[in-house]
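The values are calculated or read from the model by the stated rules, or taken from the named source; none is laboratory data. Please read these numbers as outputs of a predicted model, since none were measured by experiment. Every residue, glycine as well, gets a Cβ built from its backbone with ideal geometry; the counts of neighbours run over all protein chains shown.
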Amino acid sequence: MSEQKNTPQTSLVHSAYRAPDGFEAFPVGIHHASTVLFPNVEAMRSRDWREKLGYTYGLHGTPTSFVLEARLAEIEGGTYCRVTPSGLAAIAMVNFAFLKTGDDVLLPDNVYGPSKDLGQWLQRDFNITARFYDPMIGAGIADLIEPNTRLIWTEAPGSVSMEVPDIPAICRAAHDKNVLVAIDNTWAAGLAFKAFEHGVDIVMQAVTKYQSGGSDVLMGAVIVREQALNEQLELAHMRLGFGVGMDDVYLVLRSLSSMRLRFDAHDAGARKLAAWLKGRPEIAAVLHPAFEDCPGHEFWKRDFTGAGGLFSVIFDARFSEEQTDRFVDSLQLFKIGYSWGGAHSLCVPYRMRGMRRQWMREGQLVRFNVGLESPEDLIRDIEQALARM
Ligand SMILES: *Cc1c(COP(=O)(O)O)cnc(C)c1O
């Protein structure tokens with residue numbers, strides 16, 4: 001049969017995995033290993049831990065995690081992937097792989113909160129400068145690049161405030177000066193934004209979110225195209241001891257086949273809710289990349305092919321924090337909780353003034369994660385909570 005290029009929906013179902021002869025079935029076998037065995041001393045001495053063809057130690061992965069890594073790389077359009085014990089661990093692995101004492105890293109001001117904290121820690125205790133830039137800076141990032149700048153982090157859209165950056169413009173400016181660009185691509189799950197095609201060098205995913213989809217597993221991944229970058233990541237992965245549990249890997253593999261359909265359902269539900277909220281007098285702005293209120297909406301239109309289930313709204317300034325807290329407390333289907341990407345809808349209010357250097361907007365910000373419930377039921381829930389506010 002000739003090689004056929006399948007769409008992600010199909011290739012998420014038909015993976016390259018082949019079960020052992022005589023034991024054919026769809027699921028990937030769960031291989032556990034801490035101690036691994038060698039047939040003789042010669043084999044023990046000659047085996048290379050970087051090769052995925054045989055064991056050297058369980059920490060580097062087993063055939064189960066190698067299948068997941070191959071599938072995550074395929075989704076992103078990358079070549080190499082390493083999974084880590086959490087999304088935050090994946091971020092840390094990128095920093096430790098590509099930064100050293102005396103280097104400089106640039107992060108968007110709306111970067112995932114714990115990533116910002118990690119940057120500040122690098123600056124305080126590791127003599128690496130971490131500077132935070134306006135996520136809408138675009139090509140203007142060129143002016144911030146110093147001779148010791150090694151890495152520029154991006155996130156599309158940024159956490160909570162949802163600005164969509166001009167990724168190609170940032171990549172061009174970075175590459176002009178030989179600086180690497182990494183992206184936290186969790187919101188788009190590798191499905192709605194093909195980061196490598198827009199110039200990004202290193203893609204990070206919080207697999208905890210859509211890839212897992214179960215609100216149960218914590219995992220991260222880093223994907224690259226270039227062998228040289230992969231070698232640095234593998235060393236960091238090995239040195240940091242970022243092995244993952246194979247039962248968790250299996251749960252993610254089990255969820256992955258339905259990710260495309262779940263993602264599209266989250267997208268459709270979120271857009272329905274966002275459109276309904278846009279028409280409400282209580283809401284001043286809908287910060288959903290597919291809506292014009294959202295800074296960088298034009299870049300989303302140009303570069304993205306879909307949207308995730310996560311967006312924020314800003315309430316009219318006449319409502320106090322006490323009132324919007326009452327709104328969140330009055331929701332019944334929406335639960336109050338961090339993390340997202342699972343079947344359950346979530347809602348969290350944020351205090352933006354402490355989170356952003358220059359937050360000028362009046363009105364309280366509330367973030368919604370739209371799960372897999374009926375959008376009509378979710379709208380009814382929001383309607384009753386608005387009435388109680
Ligand atoms: C959740 C999340 C992370 C971190 O993932 P964990 O597995 O919870 O550590 C990183 N970036 C973004 C955008 C996230 O939403």
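Residues in the stretch 98-121 that are crowded, with 21+ Cβ neighbours inside 10 Å and part of a helix (DSSP H, G or I) were compared, and the one that is farthest from the ligand (Cβ to nearest atom) is Gly119.
Would it be correct to say that Gly213 is out of contact with any helix residue (DSSP H, G or I) (no Cβ under 9 Å at 6 or more places or on another chain) and within 14 Å of the ligand (Cβ to nearest atom)? If you could, list the steps in order and put the result at the bottom.
Values: out of contact with any helix residue (DSSP H, G or I) (no Cβ under 9 Å at 6 or more places or on another chain): no; within 14 Å of the ligand (Cβ to nearest atom): yes.
Here the answer is no, as Gly213 does not meet what is asked.
With respect to Ala290, determine if the residue is more than 16 Å from the ligand (Cβ to nearest atom), at pLDDT 95 or above and touching an Asp or Glu at 6+ places or on another chain (Cβ under 8 Å). For Ala290, the condition - more than 16 Å from the ligand (Cβ to nearest atom), at pLDDT 95 or above and touching an Asp or Glu at 6+ places or on another chain (Cβ under 8 Å) - is not met. Of the residues making up the stretch 218-241, those that are surrounded by 22 or more Cβ atoms within 10 Å (Cβ to Cβ), within 15 Å of the ligand (Cβ to nearest atom) and hydrophobic (A, V, I, L, M, F, W, C) are Met219, Ala221, Val222, Ile223.
Can you tell me which residue among Arg302, Arg326, Arg353, Arg357 is closer than 24 Å to Glu155 by Cα, touching a residue at least 24 places away in the same chain (Cβ under 8 Å) and of a type in the set (D, E, K, R)?
Details: Arg302 fails: touching a residue at least 24 places away in the same chain (Cβ under 8 Å); Arg326 fails: closer than 24 Å to Glu155 by Cα; Arg353 fails: touching a residue at least 24 places away in the same chain (Cβ under 8 Å).
Going through Arg302, Arg326, Arg353, Arg357 in turn, just one is closer than 24 Å to Glu155 by Cα, touching a residue at least 24 places away in the same chain (Cβ under 8 Å) and of a type in the set (D, E, K, R): Arg357.
Contact map, the stretch 22-48: residues that are under 19 Å from Ala70 (Cβ atoms) paired with residues that are in a loop (DSSP other than H, G, I, E, B) and among the small types (Gly, Ala, Ser), Cβ distance under 6 Å, separation 6+ or inter-chain. Pairs shown: Ala25/Ala19. For residues in the stretch 309-323 being under 19 Å from Lys272 (Cα atoms) and in contact (Cβ under 8 Å) with a residue 60 or more places away in the chain, which is nearest to the ligand (Cβ to nearest atom)? Among those that are under 19 Å from Lys272 (Cα atoms) and in contact (Cβ under 8 Å) with a residue 60 or more places away in the chain, it is Leu310. Of the residues making up the stretch 50-60, not one is under 16 Å from Val244 (Cα atoms), hydrophobic (A, V, I, L, M, F, W, C) and at pLDDT below 90. Of the conditions (1) closer than 25 Å to Ala33 by Cα; (2) touching a His at 6+ places or on another chain (Cβ under 8 Å), Ala274 fails just one. Which one is it? Of everything listed in (1) closer than 25 Å to Ala33 by Cα; (2) touching a His at 6+ places or on another chain (Cβ under 8 Å), Ala274 misses just condition (1).
Looking at Glu226, Glu197, Glu231, Glu155, which one is touching a Pro at 6+ places or on another chain (Cβ under 7 Å) and either of a type in the set (Asp, Glu) or more than 29 Å from Phe368 (Cα to Cα) (or both)?
On the way: Glu226 fails: touching a Pro at 6+ places or on another chain (Cβ under 7 Å); Glu197 fails: touching a Pro at 6+ places or on another chain (Cβ under 7 Å); Glu231 fails: touching a Pro at 6+ places or on another chain (Cβ under 7 Å).
When all the criteria are applied, what remains is Glu155.
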